Every structure is written in structure tokens, then in C-alpha cells.
Amino acid sequence: MMALARRHNDIYHLLVSEGADLTLTDDNNTDCLMLACEGGNISIVKHVLSLKTCDINRQGGWYKQTPIMMALQGGHDDVYHLLVSEGADLTLTDDDNRDCLMLACERGNISIVKHVLSMKTCDINRQGGEWKQTPIMMALQGGHDDVYHLLVSEGADLTLTDDNNRDCLMLACERGNMNMVKHVLSMKTCDINRRGGELKQTPVMMALEGRHYDVYHLLVSEGAYLTLTDDNNRDCLMLACERGNINIVKHVLSMKTCDINRRGGELKQTPVMMALEEGHDDVYHLLVSEGADLTLTDDKNRDCLMLACERGNMNMVKHVLSMKTCDINRRGGELKQTPVMMALEEGHDDVYHLLVSEGADLTLTDDNNRDCLMLACERGNMNMVKHVLSMKTCDINRRGGELKQTPVMMALEGRHYDVYHLLVSEGADLTLTDDNNRDCLMLACERGNINIVKHVLSMKTCDINRRGGELKQTPVMMALEEGHDDVYHLLVSEGADLTLTDDNITD
């Protein structure tokens, strides 16, 4: 079997001559005939068949396929024809409920499809595969035009739908195949405004989602409705704005069918919000010129200024600010942050400085009780930390965040050691503790930076044998727990008590 799987034909013949048993199967229930058919070597297949030891219609492998299915899956035409001549059954199905016609259509081999059809053994409109599709659907999904046209000429039903409720028009639109879309439309069998697919979209929505703009224009000319919405409550204007094609957005707007300020999508955003979220500047400006309302908010309570700040697009932030419609200190988003907090969180220095120059309040806090100094320290952005400190608006020893840490603790936690040194030079208190009762010495020992541990020790502010953390461990325990040998030896040399125990002690 190994020789067959690796296509070592000479070794195969040698092993057969030595009495190798060809009837045995592997853990996938694959026998030697199947392996030979997968490999596509016609002479080996002929030889295995001549030995009369393998059932030509046995099913095995991952999908419980017959040898002829495996030959079809691998595109081995000569092996397929040989097996047919030897009596292979074309009507059997695999674990995905696919028959030989479906496998041929998936592969797109027109000559094999013709041959299977000529055998009159497979139902042209049977549904199988993962999505319970007909052969013609599989041809459309794979973009096999010639197979599609052959199946139509043989009476394939274009009105059937798969398990995603997609018909042939939808599949053609998803694929973006202009010729097939035209042909399906010409058959007058599919409703151009039917909704299907996972999100219950119309064909024109699917074309927009897939950026198939020629298909979009064709469908519009054939009467596609642009006002219908999908299961995310998005209409065609929203889909066009998400994709960022300015010409399509202009076209949809010109149709006067979509409300420019409608809210939809998972976060209930307006089209202009979607353009901002995706960074499509030209679409944003077009929508503003058409009357888009910048004051509306999404389900995260974010307005357009916040979205622009999160994205870090300087030009759009400037423009939104110039419109004087958004409060620069409004709080929104999951953590109820201001725009300047969002800029800090994402590391957009230029946006941060612009917002400060426009009057952004650095003292406000988010739902985790973090101010701008903390956010800058968590990020480890030295320049922004320096600037926030220079503003003299944030208390360097305030505690915030999920664990109620000071800025210097956050810098240590994030391994931002340059920020740590700056904060110490500015008077940061190293003796304060977080909600896990850890001080700066403990945080430094957990992180394992020997130089920082030395520095904290040199400050003579932290008790080397204090117990803290979830397990009430000493700094030396924390160093051991994390495998920081050099820190362990340093702490021992400084008098760390090795006899203390943590909260995991057992009797």
C-alpha cells in the first residue's frame, strides 16, 4: 500500500511477486485498487484488476468512495473509462451523497460529464454534496461554463435550491461569471429578487459583496431591487460603502432608493459609518456631500469621530472635527472611551496630538477607570507618555484598569521598560499594590527582566519577602514559578526568605 500511495510502481510489482496481499485495507478502509486509482497509474490499475482480488465497487477512504469516484476526484480520465468498462457502478454515492456525475461536474471535465450523462445512470437533478446541490449548481460554483451549458441542454432544473437556499442565479452572481449570469437570466426561471444564502441576500447583494460590479449593473438593468435588506439589515448602499467602490456608491445614490442615514449591519451603522470603519475616504466625503448625518451612533454608541479616530485616518478626523457635529469628549465604544482614548489605544500619535490641540480632555476615564496616561503606558508609546505627563492633567499614581494598577505597574506588566524608567523619574510610587496585592517588585520578578528587578531593589521601597498575587507568593516564588533563574539568584543574594510558603500549601 505504501508503495502504491507513493507511486513506486517497481516496488509494487516486486512486492506482488513476493506474495503481498492486495485485499488488506488501511485505517481509512482503502484497498490497493483504490490507492492505484487515486494515483492514476493506468497500468497498475489494470494489473490490480487482473488479479481479481479487489471489489471494483467497494467504498472506502475519507468519504467512503468507490475506486471510480477516486479516479474522478483526481481527474484520471483513462482510469475512469477503464473502470466503467470493467463494470464500475456509477450510481453509488459517497459520504457527502455525491455520485459520479456530481464529482465530474465539480471537477469540470466536460468529456467525462458527457460520458456519465450518456450512461443514463445518474439523475441530473439529484442533490448531494455538503450543501445538497445539483450537478449544475456544482458546475456554477466551480465556474465551469461548458459543463453548465451542457447540463442545461440536457434538462437541468435551474429553479432548485441548495441548503443555503441559493439558486443557480445566486451561485452565478457569487462567482461573478457574467456570461453565466446572463444565461441564467435569459432562462427566466429564477426570481431576480429572491433572497438566499447564509445572510438571505438577493443576487445583486451577492454581486456587491463579491465586488462583481459588471454583474451588479446587469442585475439593476434587469430590475433588481436595491431596497431589500439581508439578515444583517444591510441594503445595497451599505454593501457598496463597505466595499468602497465610489462609482457603485454614486450609482446606488443616483437611484434614490436607499436612505442615506439608515442603520444596519451587525452594529447598526449608517453607510457613512461603514465607509469610515473600512477607511474609504472618497466614499465618506461623497456621503457627507449628499447629506449623511455624522451625529448618529452605532450599537456601540460610537459616532463618526470615534470611528475615524479608531481607524487613525488623519484626514477624516480633521474633516469630522471641522463639521462641528461631534462632541470631542463624548464617551462611546465597548469601554465608553473618548475619541482621544481610542487614538491612544490604537497607537495613532498624530490623531492624539490633533485631538489634544482641539481641546480633548485627558482626565476622563473609561469603564475600566483608565485615563489617557494609563492607556499610553499600556501601549508603551514613549512619546505619548511624555506628552501626557507634560500636560500635568493625570495623576501619575492613580490606580485603574481591571486590576486597579498604577501607570508604572501597567508599564511593567507590558514590559515597557523605557516607560517604567520615565515614570520613576517623574515620581511614580513603587510601593502601591494592585487588586492582586502585587507591587512593582513582584511584577518585575514575574516578567523576569533582571535589570528592572535590580533597579526596583535599589529603590529600597519594596519588601523583598512580601506576599502577594492570587497565591500570596513572595517575589522569589514568582521568579521560580516563571523560570527566571537569574532573578531567583539575585533575590536570594539580597536576602529573600526561601522558607515562606504560598496559599497552595497542603498538609
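The values are calculated or read from the model by the stated rules, or taken from the named source; none is laboratory data. All figures in this text were calculated on a predicted structure; none of them were measured in a lab. Cβ sites come from the backbone with ideal geometry, for glycine too, and all protein chains shown count toward neighbours.
Worth pointing out:
- Considering residues of the stretch 271-295 that are hydroxyl-bearing (Ser, Thr, Tyr) and either at pLDDT 95 or above or assigned to a helix (DSSP H, G or I) (or both) only, the residue surrounded by the fewest Cβ atoms within 10 Å (Cβ to Cβ): Ser289
- Test for Asp77: is it touching a strand residue (DSSP E or B) at 6+ places or on another chain (Cβ under 7 Å), charged (D, E, K, R), under 18 Å from Leu35 (Cα atoms) and at pLDDT 95 or above: no
- Qualifying residues in the stretch 191-210 (those that are part of a loop (DSSP other than H, G, I, E, B) and of a type in the set (Val, Ile, Thr)) - the one nearest to Gly265 (Cα to Cα): Thr202
- The helices (runs of 4 or more DSSP H) located wholly in the stretch 395-474 that include 2 or more residues which are assigned by TED's automatic domain parsing to the domain that holds Val385 occupy 407-413, 417-425.
- Filter result (among the β-branched types (Val, Ile, Thr) and farther than 11 Å from His280 by Cα) within the stretch 231-248: Ile248
- The single residue among Gly223, Gly197 that is small (Gly, Ala, Ser) and more than 24 Å from Glu278 (Cβ to Cβ) turns out to be Gly223.
- Identity of the residue in the stretch 81-95, under 18 Å from Pro135 (Cα atoms) and among the hydroxyl-bearing types (Ser, Thr, Tyr), that ends up surrounded by the fewest Cβ atoms within 10 Å (Cβ to Cβ): Thr91
- Considering Ile192, Ile248, the condition of being out of contact with any Cys (no Cβ under 8 Å at 6 or more places or on another chain), of a type in the set (A, V, I, L, M), at pLDDT 95 or above and under 21 Å from Asp157 (Cβ atoms) is satisfied by Ile192 alone.
- Residues being surrounded by fewer than 20 Cβ atoms within 10 Å (Cβ to Cβ), part of a helix (DSSP H, G or I) and not hydrophobic (A, V, I, L, M, F, W, C) - total across the stretch 348-378: 4
- The set of residues in the stretch 1-32 being part of a loop (DSSP other than H, G, I, E, B), over 11 Å from Val48 (Cβ atoms) and of a type outside the set (A, V, I, L, M) consists of Arg6, Arg7, His8, Glu18, Gly19, Asp21, Thr25, Asp26, Asp27, Asn28, Asn29, Thr30.
- If the condition is being among the polar types (S, T, N, Q), assigned to a helix (DSSP H, G or I) and more than 15 Å from Leu218 (Cα to Cα), then the stretch 137-190 contributes Gln141, Ser153.
- Extreme residue, farthest from the chain's Cα centre (by Cα), among residues of the stretch 221-252 that are among the aliphatic types (A, V, I, L, M) and within 21 Å of Asp298 (Cβ to Cβ): Val252
- Residue selected from the stretch 90-125 under the condition among the β-branched types (Val, Ile, Thr) and more than 34 Å from the chain's Cα centre (by Cα), by the criterion farthest from Asp78 (Cα to Cα): Ile124
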